[in-house]
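**Student:** Pasting in a structure now, in structure tokens, and then I'll have a few things to ask.
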Amino acid sequence: FVPRDIVFVSHAGLKLHTKLGYNLKKSIVIANGYSSDYYQFNLDSRIRIRNSCNLSDDNFLVGFVGRYHPIKGIEDFLDIAKGVNSSNKNVNFMMIGKGLSKTNIELGQEIKKRKLENHFILVGEVNDIVDYLSSLDIFVMTSKTEGFPNALAEALLVGLPSISSDVGDVNLMIKEPDLIP
């Protein structure tokens with residue numbers, strides 16, 4: 001079977017597969033689509049979620065969205081949190097996604113090992129990601145690899161300042177790629 005066309009969701013995926021011998025002439029990138037009407041900052045959601053977490057507007061909230069997997073760089077996110085917390089106790093961290101809940105004993109131990117248990121909010125999977133993104137002050141993505149990272153795209157669409165590892169198409173998504181670590 002020889003495909004007539006090959007569709008990639010990221011330029012990074014196209015580049016990688018071209019190096020593996022895929023035919024560039026048959027390849028095209030069609031990035032994921034998003035409704036800009038849906039991904040809108042919501043002040044009511046920000047207030048509601050922050051109140052439910054006992055956070056005031058004086059608390060700075062750093063967010064992570066992903067699943068519990070080493071490829072998502074969770075250890076890096078926890079280490080960043082420890083560094084930030086050592087100089088500013090008014091910062092809290094929220095993790096959203098599959099396996100990022102209080103029932104994850106291993107994650108809880110890693111947070112406790114870094115003495116951050118009073119600064120972490122583990123949400124788990126949600127259906128209303130826009131509401132949770134609206135509650136954040138900044139979004140951080142620490143993935144080791146990505147194609148076109150949906151979580152980063154969603155955070156940017158909501159208007160969140162975002163920091164990301166330089167993976168996949170991140171350099172095309174963030175307007176000032178010189179700021180990517």
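The values are calculated or read from the model by the stated rules, or taken from the named source; none is laboratory data. Every value quoted in this text rests on a predicted model; they were computed, and no experiment measured them. Backbone-built Cβ (ideal geometry, glycine too); neighbour counts: all protein chains shown. Side chains included, ligands, DNA and RNA excluded: accessible areas come from the protein's heavy atoms. Shrake-Rupley method; radii C 1.70, N 1.55, O 1.52, S 1.80 Å.
**Student:** Determine if region 140-161 includes at least one residue that is among the hydrophobic types (A, V, I, L, M, F, W, C), at pLDDT 95 or above and touching a Cys at 6+ places or on another chain (Cβ under 8 Å).
**Tutor:** no
**Student:** What are the residues in region 161-174 that are in contact (Cβ under 8 Å) with a residue 40 or more places away in the chain and open to solvent by less than 30 Å² (accessible area, probe 1.4 Å), if any?
**Tutor:** Within region 161-174, S165, V167, G168, D169 qualify.
**Student:** Just the residues that are in contact with a strand residue (DSSP E or B) (Cβ under 9 Å, 6 or more places away or on another chain), part of a loop (DSSP other than H, G, I, E, B) and farther than 16 Å from A153 by Cα, please, taken from region 17-30.
**Tutor:** Selection gives Y22, N23.
**Student:** Residue check: is A155 in contact with a Ser or Thr (Cβ under 6 Å, 6 or more places away or on another chain), assigned to a helix (DSSP H, G or I) and within 24 Å of S52 (Cβ to Cβ)?
**Tutor:** Yes.
**Student:** Filter region 1-16 down to residues that are open to solvent by less than 60 Å² (accessible area, probe 1.4 Å) and part of a loop (DSSP other than H, G, I, E, B), then give me how many there are.
**Tutor:** 2
**Student:** Just to be sure before I move on: is K98 at pLDDT 95 or above and among the basic types (K, R) in the structure I sent?
**Tutor:** Answer is yes for this residue.
**Student:** Just to verify a result, which residue in region 1-26, among those that are hydrophobic (A, V, I, L, M, F, W, C) and in contact (Cβ under 8 Å) with a residue 24 or more places away in the chain, is farthest from G168 (Cα to Cα)?
**Tutor:** So, considering only residues that are hydrophobic (A, V, I, L, M, F, W, C) and in contact (Cβ under 8 Å) with a residue 24 or more places away in the chain, the one farthest from G168 (Cα to Cα) is F8.
**Student:** Then there is this: Would you mention how many residues in region 91-116 are on the phi < 0 side of the Ramachandran plot and in contact with a strand residue (DSSP E or B) (Cβ under 6 Å, 6 or more places away or on another chain)?
**Tutor:** 10
**Student:** Of the residues that make up region 140-151, is at least one touching a residue at least 12 places away in the same chain (Cβ under 8 Å) and out of contact with any helix residue (DSSP H, G or I) (no Cβ under 8 Å at 6 or more places or on another chain)?
**Tutor:** Among the residues of region 140-151, at least one is touching a residue at least 12 places away in the same chain (Cβ under 8 Å) and out of contact with any helix residue (DSSP H, G or I) (no Cβ under 8 Å at 6 or more places or on another chain), which makes the answer yes.
**Student:** Is region 17-33 home to any residue that is open to solvent by 80 Å² or more (accessible area, probe 1.4 Å) and either of a type in the set (G, A, S) or under 21 Å from L133 (Cα atoms) (or both)?
**Tutor:** No, region 17-33 has no match at all.
**Student:** Now, a different point. Starting from residues that are open to solvent by 90 Å² or more (accessible area, probe 1.4 Å) and in contact with a helix residue (DSSP H, G or I) (Cβ under 8 Å, 6 or more places away or on another chain), keep the ones in region 41-74 and report whichever is farthest from D166 (Cα to Cα).
**Tutor:** Looking at the filtered set, the residue picked out is R48.
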